[in-house]
Amino acid sequence: MNITKTQALLLQQIHDGLSVVKGDDTHTLKRLIEMGLADGHNSTSDLGAEYFEVTLTPEGTAIVVDFLIG
């Protein structure tokens, strides 16, 4: 699976404990969710884009552990 540097960085941040994603990063997170690598609750409103309770899926965790950390 090919992921961009920006996607890899966000995966690492989520692995390290990031649980809320706001602003421009929500576009990257949405793509990670579509790829099956992350999950989160969309609370986007008129005030801006935001996801909370963001976590990695088992597949996302495997990428971080196998390719980014390992």
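Numbers at a glance
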{"read-out": "Whichever residue in segment 41-70 is more than 21 Å from residue 24 (Cβ to Cβ) and among the acidic types (Asp, Glu) and, among such residues, is modelled with the highest pLDDT", "value": "59"}
{"read-out": "Subset of segment 5-30 that is more than 12 Å from residue 51 (Cβ to Cβ) and of a type outside the set (S, T, N, Q) - its residue that is nearest to the chain's Cα centre (by Cα)", "value": "11"}
{"read-out": "Yes/no for residue 63 being touching a residue at least 60 places away in the same chain (Cβ under 8 Å) and in a helix (DSSP H, G or I)", "value": "yes"}
{"read-out": "Subset of segment 4-23 [assigned to a loop (DSSP other than H, G, I, E, B), touching a residue at least 24 places away in the same chain (Cβ under 8 Å) and not polar (S, T, N, Q)]", "value": "18, 20, 23"}
{"read-out": "Some residue of segment 39-60 being assigned to a helix (DSSP H, G or I) and aromatic (Phe, Trp, Tyr)", "value": "no"}
{"read-out": "Some residue of segment 40-50 being closer than 19 Å to residue 61 by Cβ, surrounded by fewer than 18 Cβ atoms within 10 Å (Cβ to Cβ), without any contact (Cβ under 8 Å) to a residue 60 or more places away in the chain and of a type in the set (D, E, K, R)", "value": "no"}
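The values are calculated or read from the model by the stated rules, or taken from the named source; none is laboratory data. Values in this document were obtained by computation on a predicted structure and should not be read as measured data. Cβ sites come from the backbone with ideal geometry, for glycine too, and all protein chains shown count toward neighbours.
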